[in-house]
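The values are calculated or read from the model by the stated rules, or taken from the named source; none is laboratory data. Just so we're clear, the structure is a prediction, and the values are computed from it rather than from any experiment. Every residue, glycine as well, gets a Cβ built from its backbone with ideal geometry; the counts of neighbours run over all protein chains shown. Just the protein is used for accessible areas: all its heavy atoms, side chains included, with ligands, DNA and RNA removed. Shrake-Rupley method; radii C 1.70, N 1.55, O 1.52, S 1.80 Å.
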Amino acid sequence: MIIMAQVPGMEFITSNDPLDAAREADILYTDTWTSMGQEEEKQQRIKDFQGFQINAAMLKAAPAQAIVLHCLPAYRDLEITDEVMESKQS
């Protein structure tokens, strides 16, 4: 992990392990993996981002008060599961 303090009073931690990152997260955020104009990259992006989906296991690893944010539209079962998207924390 790398700790970066670029915003006074805040601590940012980056990790390549999504479940580890979720353990102390107040907010879990994802966006669509393929935006407009990136359609040709879709299959590669799905492959590259595999394992970074916000799903029930990730939400369970997060603190009980954590919330989930997603910029719409959401491609369900890619970057976020239906179960999480429809949860009370979303």
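Annotations for the structure displayed:
- Note on the chain: Cα convex hull, mean projected area over all directions, 6.7 nm².
- For Ser90, distant residues with modelled amide H under 5 Å away: Val68
- Computed magnitude of the charge dipole of segment 21-87 (debye, nearest 20; Cβ of K, R +1, Cβ of D, E -1): 180 debye
- Share of carbon and sulfur in the accessible heavy-atom surface of the chain [1.4 Å probe, %]: 54 percent
- Within the same chain, lysines fewer than 8 places from Lys88 are excluded, and of the rest, those with a Cα less than 27 Å from its Cα are Lys60.
- Where trypsin sites (Lys or Arg not before Pro) in DSSP loops with at most 16 other Cβ within 10 Å are excluded, longest remaining stretch of the chain: 24-87
- Taking amide H as placed 1.01 Å from N in the peptide plane, the amide H of Ile54 sits under 5 Å from that of Ile80, Thr81, each at least 5 places away or on another chain.
- Options Ala74, Ala61, Leu28, ranked by Cα towards positive dipole end of the chain, top entry (Cβ charges): Ala61
- Exposed-site-free run, longest, the chain (rule: GluC sites (Glu not before Pro); DSSP loop; at most 12 other C-beta within 10 Å): 25-85
- Backbone geometry of segment 69-84 corresponds, through the Karplus equation with coefficients 6.51, -1.76 and 1.60 at θ = phi - 60°, to 3J(HN,Hα) couplings of 10, 8, 6, 8, x, 9, 9, 4, 6, 9, 7, 8, 8, 4, 4, 6 Hz, x marking Gly and Pro.
- Bridge type composition, the chain - antiparallel percent by DSSP, nearest 5: 35 percent
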